[in-house]
Amino acid sequence: MSERENILNELKDIAPELVKFKEEQSGTGFEVPPRYFRDLQQVVMQEIQVEAKQKKLNGPAVWWQTFVQNLQTVLQPKPAFALATIALLIAAGIWYSQPDSTLDQLGTEMALNDDDLEAYVMANIDDFETDVLIDMYAETFLEEAEEPVTEDNLEELLQEMDDEDFEELWESESFKE
């Protein structure tokens, strides 16, 4: 007996069905069933239509399942970390790009009108440094001043000032500094 026959006999003892299959399929290898390629397109289209009908029947559950699947994908560590980083960067950008409106609101609420400022200055004239008042007066009313401003005549000049002069003095750049 040849070695091939020994192997075949041993195969018959161990797996008789495999030997039968091998005898049926001898020669050409794999064979396609008759009319397989002609009917393939129709079979695939029928399966697609059946799946589409099933999806229509399960409509409300499908969107929920899709949402849950997408949520589970997003909540994986890497995508979740990436989304958190992007959200943090967007929040930081918005935070730093907005004007500081609270200080602006406080500034307008705390701003005094000219009458209040004039009353404050006149009530606390002794608290201001004389040199600063002289310099501010000289810069604002330099062309109108007939005599140089000194500490002695400063109080007299302030008493002579009317509302328009005070308003012009408060709006001058030398006072705002």
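The values are calculated or read from the model by the stated rules, or taken from the named source; none is laboratory data. Since we're looking at a predicted model, the values are computed, not measured. For neighbour counting, all protein chains shown are included, and Cβ atoms are generated from backbone atoms with ideal geometry for every residue, glycine included.
Condition check ((1) within 30 Å of GLU5 (Cβ to Cβ); (2) at pLDDT 75 or above) across all residues:
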{"position": "SER26", "(1), (2)": "yes, no"}
{"position": "ARG35", "(1), (2)": "no, yes"}
{"position": "ASP39", "(1), (2)": "no, yes"}
{"position": "ALA52", "(1), (2)": "no, yes"}
{"position": "LEU57", "(1), (2)": "no, no"}
Identify all residues within the range 153-168 that are aliphatic (A, V, I, L, M) and at pLDDT below 75; write none if there are none. LEU154, LEU157, LEU158
